Every structure is written in C-alpha cells, then in structure tokens.
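Notes for the one structure printed next.
The values are calculated or read from the model by the stated rules, or taken from the named source; none is laboratory data. What you see is a predicted model; the values in this text were computed from it and never measured. Because the Cβ atoms are built from the backbone with ideal geometry, glycine has one as well, and the counts that use them run over all protein chains shown.
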Amino acid sequence: MTALGHAVSIDHLDHVSVKAGALGLRRALRNLIVNAATHGKGCSVSLTGQGGRAVLTIADCGPGIPPDLLNKAFEPFFRVDPARTQFLPGAELGLAIAKEIIERYGGTIRLENRQGGGLVQTVVFGAVS
C-alpha cells in the first residue's frame, strides 16, 4: 500500500487466533484494508482480544459514507459517489466479497462513521483458545 502512496499503520495487535481459512481470511482483510487506504487516504489497523472474541478495527480519515448509504456499502458494485471515484481502480466488489467471507467463517462486520470524519470497519470473530 505504501508503494501506491497510501499509509497503513498498525496500532495494536493482540495475539488472537480464530477458526477461518487462511486464504479466504487474508483476501477479506486485504479487501478491507485496501478499501480504507484507497478511499480513506490511509488507515490504521488494530486487533484486540475481548471477552473470547477477536476484534479487528480498521479506521481511516476519509470522507466516510453518508448514514443513509451505510447499509448499501456491502452491495456489489456500490459506489458512494460515482463521480468521486471514477479515477480509482476496482470493480467495487471488495466489501461485498469481504463480508461474504467473514460471515462464512462465523464473523460479523460493521461500518460506522467516525466522529470528526472517516470510517471504521469492525470485524468480530469468536476467538479460539
């Protein structure tokens, strides 16, 4: 991502294990991080173990998503503003694919706008002890 001019920083990483296919999970997380770094002008990533759960948070400083469109963000080919992203590569399938993979392995994903701007993607899995 750095080679593309998008900063990705790691804030905190707990050692947590989840039951998921490595290839699928890698693809889902890559899609989420690329989305945040591309549309959010960089992002920070953290992973914490909380009460038997693994919680991954990806936060960016971009424009966020209008509240009335947050639920549509996981639909294939969805673009918040087609004019704003016409010069960005991609087919707008990343979030839809990520959500399908995460849910296949029993996880959940939620999008929320940050106070003061930006978007937070929160992925939760049951942790394996």
*How many residues does the range 24-44 hold that are touching a residue at least 40 places away in the same chain (Cβ under 8 Å) and farther than 21 Å from Pro66 by Cα?*
5
*When you go through Ala20, Ala54, Ala36, Ala59 one by one, which is the residue that is at pLDDT 90 or above and either part of a helix (DSSP H, G or I) or basic (Lys, Arg) (or both)?*
Ala36
*Inside the range 98-121, can you point out the residues that are surrounded by 15 or more Cβ atoms within 10 Å (Cβ to Cβ) and in a strand (DSSP E or B)?*
Ile109, Leu111, Glu112, Asn113, Leu119, Val120, Gln121
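Looking only at the range 41-56, how many residues end up being β-branched (Val, Ile, Thr) and buried (at least 19 other Cβ atoms within 10 Å of the Cβ)? Even if it seems obvious, please write down each step before you answer.
Looking only at the range 41-56, we keep the residues that are β-branched (Val, Ile, Thr), and these are 45, 48, 55.
Retained after the next criterion (residues that are buried (at least 19 other Cβ atoms within 10 Å of the Cβ)): 45.
Summing the residues that are β-branched (Val, Ile, Thr) and buried (at least 19 other Cβ atoms within 10 Å of the Cβ) in the range 41-56 gives 1.
What are the residues in the range 80-129 that are modelled with pLDDT of 75 or more and among the basic types (Lys, Arg), if any? Working first, answer last.
Step one: list which residues in the range 80-129 are modelled with pLDDT of 75 or more, which gives 94-128.
Answer for the range 80-129, where residues must be modelled with pLDDT of 75 or more and among the basic types (Lys, Arg): Lys99, Arg104, Arg110, Arg114.
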*asked:* Let me spell it out: the conditions are (1) of a type outside the set (Lys, Arg); (2) modelled with pLDDT under 90; (3) in a helix (DSSP H, G or I), and Phe77 meets all of them except one. Which number is the exception?
replied: (3)
*List every residue pair whose Cβ atoms lie under 6 Å apart, where the two residues are 6 or more positions apart in sequence or sit on different chains, the first residue falls within the range 101-129 and is among the polar types (S, T, N, Q), and the second residue, located anywhere, is not in a strand (DSSP E or B).*
Asn113/Gly64; Gln121/Leu32
